[in-house]
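For reference, the structure discussed in these notes is given below.
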Amino acid sequence: MGGRLSTPGRYRESAASDESHPPVRPPSMSRKKLLPASFEDIDSFSLKAPVSACVSVTKLAQYLMQSAKNDMVKVRAFYRWIAENISYDAFGVRLKTYGRQDAERVLQRRQGVCEGYANLFLSLCSEVGIPCKMVIGFSKGRSYNPEIGFTPESETAHAWNIVYVNGQWLPLDVTWGAGSVDEHNRFQKRYEDMHFLTDPKDFAVKHLPYMDNDMDESKVFQLLKRPLSLEEFNKNAMVDTAGTTWGFVSTYKHHTIDVEKKCIITFKTRRMDLQNISCHLKDKSSIEYERYVVLRKTGKNRFKMEVTPPRIGKYDLRLFGKALDSTEVGHSQIITYKINCKSVFDKVHSHPVHSGLWGVKRDVDVAKYGFASSVRSKDVIVSTNGTFKLRLKTQRNPKAIFRLEDADKKDLSQHICPFLGRGFIEVTGNLPKEGVYKLILHSNSGDGQREYDHLGEWMIKCDSPSSKPSTYPSQDTLWGARTEATKYGFLDDIFSKSVFSTSNGELQLQLKTSKFVTTSVKLYQRESKLEKHVFDYYNGKTLVIKARLPNSGFYKLSLFAQHEDKKTSQSLDLVADFLVESKSDTENMKPFPVVYTHAKTYGCTLMEPLHGSLAANQNVRLRLRSKTLKRVMVNNDVHEKKSGDVFDITFEVPGRGSVGVFGTPDLEGSKFDGLYEYTVS
């Protein structure tokens, strides 16, 4: 903000004569060391000034002095009152009708431009004998164009003050402390503390004194040990208020960056760790190229920005940030660069749409979702052969959903395999093409939460795609057991079993239980159910699951169990999905017999035959072990145990239909329960 000055190029000072003022020289102490821990009391007092105390500059100074014990507090009271009570006359600036800017008129109108703000502050200091000067010069405000810059012939259009407190001269800009003018030329009141007694090196980023058209004589008012030249001031990058507040320091000091194909900007914030950062990269036509910028956190308060423009030309690069402890919704602008791209790569991949830093979001409490803090250590994954692996350590078994997208937002989640291990979650993947992908994580904290929260996103760069990119069965959640599996009677070892492979098409899975659990297992390949290719039984307190996989490829093995609170409904809940890969085709793979619930209830172990199809009119030997059963019935013939716990029965298979095996724990009676069923071929 600024405004046409009534007396361009001149500065004013407080009532004490120039000879009585201490000589203007750079301060010896930093702002941090000079300012007290808090101005809370004087700020509160200043903002409560009654109307009767604001009728003149003299009365206002007298009122504000009442709670001010020293010059520092007086100066603070003046700055705080003006910033809160004087509005910027943006309408008057646009129409050039803002009129005189002397202190009394600005006070009465409660409105002014930069000269009026500076005059009022100067007059209040004069009332109490504090040395103060009004400085005229160039400023990098909203209308500043770095491609044009300032020249000695440029008109000075901004005014501010330097004031002498605690034995030192320091600058302040109460105009900018009061607020700013938006893109619609409307004044937005927003108090800003950073412009109060700013460190001169920070102040000089946007302020350059230029009085009486004499740059050499004006340099002293920069309050710098090595004053800037006009050329340096024009070249220096324009750090915004938030960047100055946070102590932004970058590898690129100048506003314009010449780029050959790619540039990497590293920066840090000396005074504040940021919760997040984001950027906008636009060309002159305002087309957004943010997808050609990668933002990464490299350490505490340290960041890296990699810019790869897709075509030759000029771009505006604006960086935004949010403080770690901020509760504000939006981000504050940190700095603006001009990117002058002189050459580009032959092939430049755009990135998936993403805002801010890659990796787990900074404002997420990862422990709440069951993850260890180390999950923040990874943000970008580079794949040289089309495969990748990401392992995230866990503190408990989280509920998580992963999704893979390419740069065109195409869902490629069937190319990833996220599974639960003991103490970790691992995601592996096969990428079908060269380019850049986005791996998205949503998680549920449990405790009755229904929705899944967005925790973060990883960038995956693929230089060369997989020669045979595999696709996995559709899976909304992690492969492996659900977090509530132990509530159904399974022991913790179930959480270490998620993904399996077999080279001969045979799989055996053993799951320990604390009690008998009513279960059901289902096997799927490419959404087709293979009902007779899976078989399960109990061996003591161990549930044994066997699968026969007829073709190479991936299968989903789903385990259902009954919760003890739902026994009356007989309903079963999904407790685990296991991923099984068969690495070869198996000829003549015979299915299992159908297994009924009572076979597991009675602790049956079927020893033979384990194939579910029996040849017609053939004699077949059936061997079955069970401590509970007393009698077994096959083809309406009842058999008792001959020795130990084993039934050993030979029967003739009928010419067609099916063969059922039934059992009872009673020595008498006619009620038998179904155990197994075979088809006749």
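Being within 19 Å of residue 238 (Cβ to Cβ) and modelled with pLDDT under 95 narrows it down to one of 200, 209, 146, 171, so name that one. Reasoning before the result, please.
On the way: 200 fails: modelled with pLDDT under 95; 209 fails: modelled with pLDDT under 95; 171 fails: modelled with pLDDT under 95.
Exactly one residue qualifies, and that residue is 146.
Quick check: is even one residue across the range 464-480 more than 23 Å from the chain's Cα centre (by Cα) and hydrophobic (A, V, I, L, M, F, W, C)?
Quick first cut of the range 464-480, residues more than 23 Å from the chain's Cα centre (by Cα) only: 464-475, 479-480.
From what is left, the residues that are hydrophobic (A, V, I, L, M, F, W, C) are 479.
Within the range 464-480, one or more residues are more than 23 Å from the chain's Cα centre (by Cα) and hydrophobic (A, V, I, L, M, F, W, C).
Sort through 219, 201, 225 and tell me the only one that's free of Cβ contacts under 8 Å to residues at least 12 places away in the same chain, not assigned by TED's automatic domain parsing to the domain that holds residue 292 and not acidic (Asp, Glu).
219
Out of everything in the range 220-258 that is touching a helix residue (DSSP H, G or I) at 6+ places or on another chain (Cβ under 7 Å) and modelled with pLDDT under 95, what residue ends up being surrounded by the fewest Cβ atoms within 10 Å (Cβ to Cβ)? Break it down into steps so the answer makes sense when it comes.
Quick first cut of the range 220-258, residues touching a helix residue (DSSP H, G or I) at 6+ places or on another chain (Cβ under 7 Å) only: 222-224, 227-228, 230, 241, 244-245, 254-255.
Checking which are modelled with pLDDT under 95 leaves us with 241, 244-245, 254-255.
On the way: 241: 22, 244: 21, 245: 21, 254: 15, 255: 19.
Per the criteria, the residue is 254.
Only strands (runs of 3 or more DSSP E) wholly contained in the range 245-293 count here; list those with 1 or more residues that are hydroxyl-bearing (Ser, Thr, Tyr) and over 25 Å from residue 455 (Cβ atoms).
Numbers: elements: 248-250, 256-260, 263-269, 274-283.
Strands (runs of 3 or more DSSP E) meeting the threshold: 248-250, 256-260, 263-269.
Among 530, 507, 549, 579, which is the only one that is within 22 Å of residue 480 (Cβ to Cβ) and in contact with a Cys (Cβ under 9 Å, 6 or more places away or on another chain)? Show your work before the answer.
Details: 530 fails: in contact with a Cys (Cβ under 9 Å, 6 or more places away or on another chain); 507 fails: in contact with a Cys (Cβ under 9 Å, 6 or more places away or on another chain); 549 fails: in contact with a Cys (Cβ under 9 Å, 6 or more places away or on another chain).
Going through 530, 507, 549, 579 in turn, the sole match is 579.
Just one of (1) assigned to a strand (DSSP E or B); (2) more than 30 Å from residue 374 (Cβ to Cβ); (3) not hydroxyl-bearing (Ser, Thr, Tyr) trips up residue 348, so point out which.
Unmet for residue 348, out of (1) assigned to a strand (DSSP E or B); (2) more than 30 Å from residue 374 (Cβ to Cβ); (3) not hydroxyl-bearing (Ser, Thr, Tyr): (1).
Going through the range 76-107 one residue at a time, which ones are without any contact (Cβ under 8 Å) to a residue 40 or more places away in the chain, within 17 Å of residue 60 (Cα to Cα) and not basic (Lys, Arg)?
Those that are without any contact (Cβ under 8 Å) to a residue 40 or more places away in the chain, within 17 Å of residue 60 (Cα to Cα) and not basic (Lys, Arg): 77, 81, 85, 102, 106.
Identify the single condition in (1) among the aliphatic types (A, V, I, L, M); (2) within 23 Å of the chain's Cα centre (by Cα); (3) crowded, with 22+ Cβ neighbours inside 10 Å that residue 440 does not satisfy, given that it satisfies every other one.
Status for residue 440: all satisfied but (3).
Name the residues in the range 198-214 that are surrounded by 18 or more Cβ atoms within 10 Å (Cβ to Cβ) and outside any strand (DSSP E or B), would you? Show your work before the answer.
If we filter the range 198-214 for residues that are surrounded by 18 or more Cβ atoms within 10 Å (Cβ to Cβ), which is where we start, we get 198-200, 202-211.
198, 199, 200, 202, 203, 204, 205, 206, 210, 211, listed by residue number.
Spot the failing condition for residue 414; the list is (1) at pLDDT 95 or above; (2) under 20 Å from residue 452 (Cβ atoms); (3) not acidic (Asp, Glu), and only one is missed.
Result: residue 414 fails condition (1) only.
Do we find a residue being aromatic (Phe, Trp, Tyr), more than 18 Å from the chain's Cα centre (by Cα) and in a strand (DSSP E or B) anywhere in the range 312-332? Even if it seems obvious, please write down each step before you answer.
Just the residues of the range 312-332 that are aromatic (Phe, Trp, Tyr), to begin with: 315, 320.
Those left that are additionally more than 18 Å from the chain's Cα centre (by Cα): 315.
Filter once more, keeping what is in a strand (DSSP E or B): 315.
Yes: one or more hits.
Which of (1) surrounded by 16 or more Cβ atoms within 10 Å (Cβ to Cβ); (2) at positive phi does residue 313 not meet, given it meets every other one?
Condition not satisfied by residue 313: (1).
Among 71, 43, which is the only one that is under 30 Å from residue 228 (Cα atoms), touching a residue at least 12 places away in the same chain (Cβ under 8 Å) and surrounded by 11 or more Cβ atoms within 10 Å (Cβ to Cβ)? Before the answer, list the steps.
Numbers: 43 fails: under 30 Å from residue 228 (Cα atoms).
The conditions single out 71.
From the list 605, 597, which one is assigned by TED's automatic domain parsing to the domain that holds residue 662, among the β-branched types (Val, Ile, Thr) and at pLDDT 90 or above? Before the answer, list the steps.
Numbers: 597 fails: at pLDDT 90 or above.
Just one listed residue meets the conditions, 605.
Of all residues in the range 491-516, which are out of contact with any Phe, Trp or Tyr (no Cβ under 6 Å at 6 or more places or on another chain), part of a loop (DSSP other than H, G, I, E, B) and within 27 Å of residue 396 (Cβ to Cβ)?
491, 497, 514, 515, 516
Residue by residue, here is whether (1) of a type in the set (Ser, Thr, Tyr); (2) surrounded by 13 or more Cβ atoms within 10 Å (Cβ to Cβ); (3) within 16 Å of residue 337 (Cα to Cα) holds:
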residue: 260; (1), (2), (3): no, no, yes
residue: 265; (1), (2), (3): no, yes, yes
residue: 269; (1), (2), (3): yes, yes, no
residue: 276; (1), (2), (3): no, yes, no
residue: 290; (1), (2), (3): no, yes, yes
residue: 295; (1), (2), (3): no, yes, yes
residue: 300; (1), (2), (3): no, no, no
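Test residue 443 against the stated conditions and say whether it is touching a Leu at 6+ places or on another chain (Cβ under 6 Å) and more than 30 Å from residue 263 (Cα to Cα).
For residue 443, the condition - touching a Leu at 6+ places or on another chain (Cβ under 6 Å) and more than 30 Å from residue 263 (Cα to Cα) - is met.
Are any residues in the range 356-405 within 23 Å of residue 278 (Cα to Cα) and more than 18 Å from the chain's Cα centre (by Cα), and if so, which ones?
Correct list: 382 only.
The values are calculated or read from the model by the stated rules, or taken from the named source; none is laboratory data. Since this is a predicted model, take the numbers as computed values, not measurements. Every residue, glycine among them, receives a Cβ derived from its backbone with ideal geometry; neighbour counts consider all protein chains shown.
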